[in-house]
Amino acid sequence: MNFERLKLERKKRGYTQQNVADFLEVQRATYAGWETGKDIMPLRQLFKVANNYQISLDYLTGLSNTNSKVKSKTTKIDVDQVSENIHNFRKEKGLTQKQVAKALQTTQSNIHKYETGKCLITTMYALQFSKLYSYPLDKLLNRK
């Protein structure tokens, strides 16, 4: 993830770390850890920031160098839709859960959980999935 863009976009809007932390309802130190790359920002929080800034998740995370404006009507991640997107993509590509798990260096059990909506894919795996399969993060999370 390109943490520099998180900082750049915050500063571009004249926000302090405290402003963004308040918006995300976290401590400033927590947000600072995300911005510096010390910790990985949860996908729901990343989604919320991208929506607030009205920019592409792919740009914000460094998956794309194109800074496109996105006015998402979706305010929350639909876990069922994300799981369906992962499942449909895997099936279209003729991949097994085991193959995807191996590519992402995780377990087949995790891929199963992501595909069945038992839990939301983590930021780390979502970024890896998007990068590895050239599948836009905005599309994965159904941001239009």
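Readers should treat all values here as calculations from the given coordinates under stated rules, not as data from a laboratory. No experiment lies behind these values; they were computed from the predicted model shown. Positions of Cβ are generated from backbone atoms using ideal geometry, with glycine treated the same way; all protein chains shown enter the neighbour counts.
Observations on the structure shown:
- The residues on offer are A50, A21, and the sole one that is among the small types (G, A, S), closer than 15 Å to L140 by Cα and buried (at least 18 other Cβ atoms within 10 Å of the Cβ) is A50.
- Selection within region 24-47: residues that are among the charged types (D, E, K, R) and part of a helix (DSSP H, G or I). The member of this set that is surrounded by the most Cβ atoms within 10 Å (Cβ to Cβ) is E35.
- So L127, is it within 20 Å of I40 (Cβ to Cβ) and either part of a loop (DSSP other than H, G, I, E, B) or in contact with a Gly (Cβ under 7 Å, 6 or more places away or on another chain) (or both): no
- V100 meets all of the listed conditions (1) free of Cβ contacts under 8 Å to residues at least 60 places away in the same chain; (2) closer than 19 Å to L141 by Cβ; (3) part of a loop (DSSP other than H, G, I, E, B) but one, namely (3).
- Unique residue being of a type outside the set (D, E, K, R), on the phi > 0 side of the Ramachandran plot and in contact (Cβ under 8 Å) with a residue 40 or more places away in the chain when the list is G94, G62: G62
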